[in-house]
Amino acid sequence: MNNMCTATYRLHDDHADFRKKAESIAVGMTVGSWTELPQAKREAMQKHLGEVIKVEVHEPNGMSPGERYADITIGYPDVNFSRDIPALLVTVFGKISMDGRIKLTQLGFSDNFLSAFPGPKFGLNGVRDLLGVHDRPLLMSIFKSVIGLDADELREQFIRQALGGVDLIKDDEILFENKLTPIEKRVEVCMKAAEQARQETGKKLLYAANLTGSTSQLKKQAERAINAGANALLFNVLAYGYDVLHELSSDPDINVPIMAHPALAGAVYPSPHYGISASVLLGQLMRLAGADIVLFPSPYGSVTMPKEENMAITEQLLSTELPVRASMPVPSAGIHPGLVPLILRDFGTDVIVNAGGGIHGHPMGTEAGGRAFLQAIEASQRSIPLAQHALEHPELKSALDLWGGER
Ligand SMILES: CSCCC(=O)C(=O)COP(=O)(O)O
């Protein structure tokens, strides 16, 4: 559709006339009322009127209450809203998000709307280029238990992660601006440690520093971090809003990859009846707003999401249908080396394997934790069973003994 954005909803109702409901959304969320309008007014308003594009009713087998639903797609004329994500979301799901059992499951963007969004500045390939790694999944570790640590203690944790051979290190999303390790100081200390580690490992490394504080100060904070040497940023997108990510990612002065953390997403996507689906929330909108790297719960670890939803997010992050760079998917939370074959089976090579506890909790220490993951990645890429690879790799063996995994 070139002059309309579309929204698809799933509505649950045992008795509703779904076509009528679709028509009331199309009218109610655009011109407000229709049949009462005089003919002349109708003609003037025609170009603003929403359009029912599809109504697919799913009748349950038998009389099981609560299982009848419909997938309804409505087209919204571009002329009704400005080309930004807040305007789109309020248009397609503002008031009706509060009107009964309705979930926004998919968005469709017109070319005109898309033209306002440059998308990720680096994207999946750009992040790979920065690291010089193109032939395997990337490995990321997460700072853990850093609240209350000073810069020396942070440096110590950073260097142990870096020496383990990870490609990226990210701040914990709950590390905010603080007196002990303000963003400039953290970046300075960590980037020095990254350089020191590079002399030993020969590997480049991206460090994503958590960009926090009030919205009006974010650009200044980002510039401070970048001037201090930051080569990536972490951002809690849902707490600030997609438009804030869009502003940061399209700012020419913010010339480092932005990693989107999914904090708060669980308040929005999990219900089958309400909210916004994970593929819209963490897939379509994150990519459109310019996230180069997107974290989300995996199907396997400690905080889980059904596999179909993971695949739907990934499809949206990578799809060639969107004319912007692909974002790198990062299935996360509770990941340990034993899960690596599953991650590669489901996501292929274009994925970041990401772990906090699965690296720092390794019985032989944090460095060994990184190495165990790299060994698991190598084994999985060569289709070698982990247990077999572990016979010659003590770090992997120790991880499998502790956490289990494919054998
Ligand atoms: C729910 S996805 C975000 C994962 C994350 O930020 C994290 O800290 C995971 O840590 P873990 O120790 O579970 O690897």
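From the list 335, 359, 384, 313, which one is under 18 Å from residue 164 (Cβ atoms) and either more than 11 Å from the ligand (Cβ to nearest atom) or more than 20 Å from the chain's Cα centre (by Cα) (or both)? Working first, answer last.
Working: 335 fails: either more than 11 Å from the ligand (Cβ to nearest atom) or more than 20 Å from the chain's Cα centre (by Cα) (or both); 384 fails: under 18 Å from residue 164 (Cβ atoms); 313 fails: under 18 Å from residue 164 (Cβ atoms).
Going through 335, 359, 384, 313 in turn, the sole match is 359.
I'd like the full set of residues that are free of Cβ contacts under 8 Å to residues at least 12 places away in the same chain and among the acidic types (Asp, Glu), limited to segment 30-53.
Start the filter on segment 30-53 by keeping residues that are free of Cβ contacts under 8 Å to residues at least 12 places away in the same chain, which leaves 32-33, 35-44, 46.
Within segment 30-53, 36, 43 qualify.
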Residue among 253, 243 that is free of Cβ contacts under 8 Å to residues at least 40 places away in the same chain and in contact with a helix residue (DSSP H, G or I) (Cβ under 9 Å, 6 or more places away or on another chain): 253
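Here's the yes/no breakdown for (1) surrounded by fewer than 19 Cβ atoms within 10 Å (Cβ to Cβ); (2) farther than 19 Å from residue 229 by Cα:
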| position | (1), (2) |
| --- | --- |
| 133 | yes, yes |
| 144 | yes, yes |
| 151 | yes, no |
| 165 | no, yes |
| 170 | no, no |
Hits in segment 338-356 - residues which are of a type in the set (Gly, Ala, Ser) and more than 15 Å from the ligand (Cβ to nearest atom): 348
Restricting segment 311-335 to residues that are among the polar types (S, T, N, Q) and in a helix (DSSP H, G or I), the residue that is surrounded by the fewest Cβ atoms within 10 Å (Cβ to Cβ): 314
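Provide a single number: the residues in segment 21-54 that are open to solvent by 40 Å² or more (accessible area, probe 1.4 Å) and at negative phi. Walk me through it before giving the result.
Residues of segment 21-54 open to solvent by 40 Å² or more (accessible area, probe 1.4 Å): 21, 23-24, 32, 34-36, 38-48, 51, 53-54.
Still in the running and at negative phi: 21, 23-24, 34-36, 38-48, 51, 53-54.
Total satisfying the criteria: 20.
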Complete set of residues in segment 339-368 that are small (Gly, Ala, Ser) and under 24 Å from residue 171 (Cα atoms): 355, 356, 357, 358, 361, 365, 368
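Can you spot a residue in segment 394-401 that is within 14 Å of the ligand (Cβ to nearest atom) and hydroxyl-bearing (Ser, Thr, Tyr)? Working first, answer last.
As a first pass, look at segment 394-401 and keep what is within 14 Å of the ligand (Cβ to nearest atom): 399.
If we keep only those that are hydroxyl-bearing (Ser, Thr, Tyr) too, we end up with none.
No, because not a single residue in segment 394-401 is within 14 Å of the ligand (Cβ to nearest atom) and hydroxyl-bearing (Ser, Thr, Tyr).
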Within segment 294-310, considering residues that are of a type outside the set (Val, Ile, Thr) and in a loop (DSSP other than H, G, I, E, B), the one farthest from the ligand (Cβ to nearest atom): 306
Whichever residue in segment 107-148 is of a type in the set (Lys, Arg) and away from the ligand (no atom under 16 Å from the Cβ) and, among such residues, is nearest to residue 233 (Cα to Cα): 121
Neighbours by Cβ (under 8 Å, 6+ apart or cross-chain): first from segment 346-368, modelled with pLDDT under 95; second crowded, with 21+ Cβ neighbours inside 10 Å and in a helix (DSSP H, G or I): none
All positions within segment 82-117 that are open to solvent by 40 Å² or more (accessible area, probe 1.4 Å) and among the β-branched types (Val, Ile, Thr): 90
Filtered residue count, segment 62-81, keeping only those that are within 18 Å of residue 10 (Cβ to Cβ) and surrounded by fewer than 20 Cβ atoms within 10 Å (Cβ to Cβ): 7
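Answer with yes or no whether residue 291 is modelled with pLDDT of 95 or more, in a loop (DSSP other than H, G, I, E, B), at negative phi and within 16 Å of the ligand (Cβ to nearest atom).
Working: modelled with pLDDT of 95 or more: yes; in a loop (DSSP other than H, G, I, E, B): yes; at negative phi: yes; within 16 Å of the ligand (Cβ to nearest atom): yes.
It is true that residue 291 is modelled with pLDDT of 95 or more, in a loop (DSSP other than H, G, I, E, B), at negative phi and within 16 Å of the ligand (Cβ to nearest atom).
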Lone unmet requirement of (1) in contact with a Gly (Cβ under 8 Å, 6 or more places away or on another chain); (2) surrounded by fewer than 23 Cβ atoms within 10 Å (Cβ to Cβ) for residue 120: (2)
Flag if residue 250 is open to solvent by 40 Å² or more (accessible area, probe 1.4 Å) and within 16 Å of residue 234 (Cα to Cα): yes
Near pairs, Cβ below 6 angstrom, 6+ apart or cross-chain, from segment 207-229 (open to solvent by less than 10 Å² (accessible area, probe 1.4 Å)) to any residue that is among the polar types (S, T, N, Q): 211/221
Some residue of segment 271-279 being touching a strand residue (DSSP E or B) at 6+ places or on another chain (Cβ under 9 Å), within 12 Å of the ligand (Cβ to nearest atom) and at pLDDT 95 or above: yes
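The values are calculated or read from the model by the stated rules, or taken from the named source; none is laboratory data. Nothing here was measured: the structure is a model prediction, and the numbers come from that model. No Cβ is skipped: glycine too gets one built from the backbone with ideal geometry, and neighbour counts run over all protein chains shown. To get the accessible areas, we keep the full protein, side chains included, count just its heavy atoms, and leave off ligands, DNA and RNA. Shrake-Rupley method; radii C 1.70, N 1.55, O 1.52, S 1.80 Å.
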